[in-house]
Amino acid sequence: MSSSSCVVHVALLPSAGMGHLTPFLRLAAMLCHHHCHVTLITPKPTVSNAESMLLSKFFSAFPQVNQLNLHLLPSSSGTANADPFFLQFDAIRRSCHLLHPLLSSLSPPLASFVYDMTLISPVLPVATAIGVPHYILFTSSASMFCFFSCFPNAAESICDSDGFDIPGFSYVSKSWIPPQLLDINAIFRKLFLEDSPKVTKLDGVFLNTFEEVESKTLKALNAGELVKDLPPVHALGPFVPCYEFEGLCETGEPLKWLDEQPDGSVLYVCFGSRTALESNQIREIGDGLLRSGFRFLWVMKGNKVDTEDEEKRLEGVLGIELVEKIIKENKGMVVKEWVDQRQILDHSAVGGFFSHCGWNSVMEAAFYGVPILGWPLAGDQKINAEFVVSNGGFGTWKKDWGWEGERLVRGEEIGDAIKELMSNESFFAKAEQVKMVARKAISIGGSSEINLHKLIEEWKKSQ
Ligand SMILES: *[C@@H]1O[C@H](CO)[C@@H](O)[C@H](O)[C@H]1NC(C)=O
């Protein structure tokens, strides 16, 4: 047993953005805890400070993890106004062929290779040439994966019809579908169409979800009801924040403030690492928070990418009157830095989460048992928000608020929605139930833990 041939060596390749990097690092930590040898491929340079910081924390917490730099070729579409995350993502796709010599010389040889859902087409030839079992980590729900895997066949009919049916899930109305997928000129649609038919070439798909909350959907996928020859889909979640590298000692202030608030009294407000709302919308949110009468901890992002963050003063965004009111009523705290969401959601004072419903946030809220008021702004987030309502019942969302910037959502509407969430006991009860199930899934003998264990045993046998 002591020979290195028994060690399973797994390589992981994340893509751009905290929403993709974070689940990869959590998966890496899980594999380390299961005594795998892990190589983490890091595309260089990284796109944001938040990402570089998280990576360096990860490597100090897990010195046994082998870091392999992928030096990126320049992106093809270097227009000044392009989204930096998109450019990074494009650069990663264009650089994947450089992986071949890097991966084939690894020792011990790889037993498994897990890469980001957005890298299927460029990585597939490399993984096939090396001959290693390979998987994507799909960083969303099983329902969204249904949509992804059926998309090429359904694309035309979706454009013409008013929605889409997902087994074990609500009917997905057309307005919930990521707008970029309906726009026939959008690059993401082209990538979806190019990558999705290739899922049958993978050895499997990993999801940050758990069987208990998406059982019908997972069954339908694994029974081949949606796509013929689909490889096994493995639910391995919820991926939990990992105290070894995600603890931030610097978040003292918000936590100190939370310590002084009564249990379940505070609404935590955060629209993700990538959302920077228009100032007039931010002011309406501030107004809505005050109108609700509930305490709040609001994490506000002024800019999309923190490397360019000019220190905008809070008064500049919120207006001096609103800031003074918040201070006077002493009911809220507004912070502008990246916070340790784990410690906030885990805090007994927090009784609700006003969220954009990024999938990682939804899974974290499930794990910590915090009810959600969803305000889906982009991408898969409406489908994620509906998951909260229909697959757990631990929250609500307003279907008529639209995508980011579609319309100005008024403070009055926001205040009412907050009251609806925070004063309804049934959401707390449901959140508590989901939390129990989520914790069971990842403990020893739980559904997700068994799924991961089985995979590792398979890799051991096949090497
Ligand atoms: C509380 O929420 C549930 C949905 O979970 C809903 O059916 C019920 O009507 C709500 N109760 C009140 C008083 O709003």
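Every number in this text was worked out from the coordinates using simple rules, so none of it is lab data. Because the structure is predicted, anything quoted here is derived from the model rather than measured. Note that each Cβ is placed from the backbone with ideal geometry, even for glycine, and that neighbours are counted across all protein chains shown.
How many residues are buried (at least 23 other Cβ atoms within 10 Å of the Cβ) and within 16 Å of the ligand (Cβ to nearest atom) if we restrict to region 346-391?
Qualifying residue count, region 346-391: 15.
Mind listing whichever residues of region 137-163 are over 17 Å from I120 (Cβ atoms) and of a type in the set (F, W, Y)?
Within region 137-163, none qualify.
Would you call D400 in a helix (DSSP H, G or I) and within 14 Å of the ligand (Cβ to nearest atom)?
It is false that D400 is in a helix (DSSP H, G or I) and within 14 Å of the ligand (Cβ to nearest atom).
Check region 182-191 and report whether any residue there is in contact (Cβ under 8 Å) with a residue 24 or more places away in the chain and aromatic (F, W, Y).
So far as region 182-191 goes, no, none of its residues is in contact (Cβ under 8 Å) with a residue 24 or more places away in the chain and aromatic (F, W, Y).
Only residues in region 384-401 that are among the hydroxyl-bearing types (S, T, Y) count as the first member; pair them with residues that are within 11 Å of the ligand (Cβ to nearest atom), Cβ under 9 angstrom, at least 6 apart or cross-chain, and list the lot.
T396/P371; T396/V388; T396/V389; T396/E420; T396/L421; T396/N424; T396/F427
Within region 175-190, which residues are surrounded by 14 or more Cβ atoms within 10 Å (Cβ to Cβ) and either more than 19 Å from the chain's Cα centre (by Cα) or outside any helix (DSSP H, G or I) (or both)?
S175, I177, P178, L182, A186, R189
Could you please let me know if N424 is of a type outside the set (D, E), in contact with a Pro (Cβ under 9 Å, 6 or more places away or on another chain) and within 12 Å of the ligand (Cβ to nearest atom)?
In short, yes.
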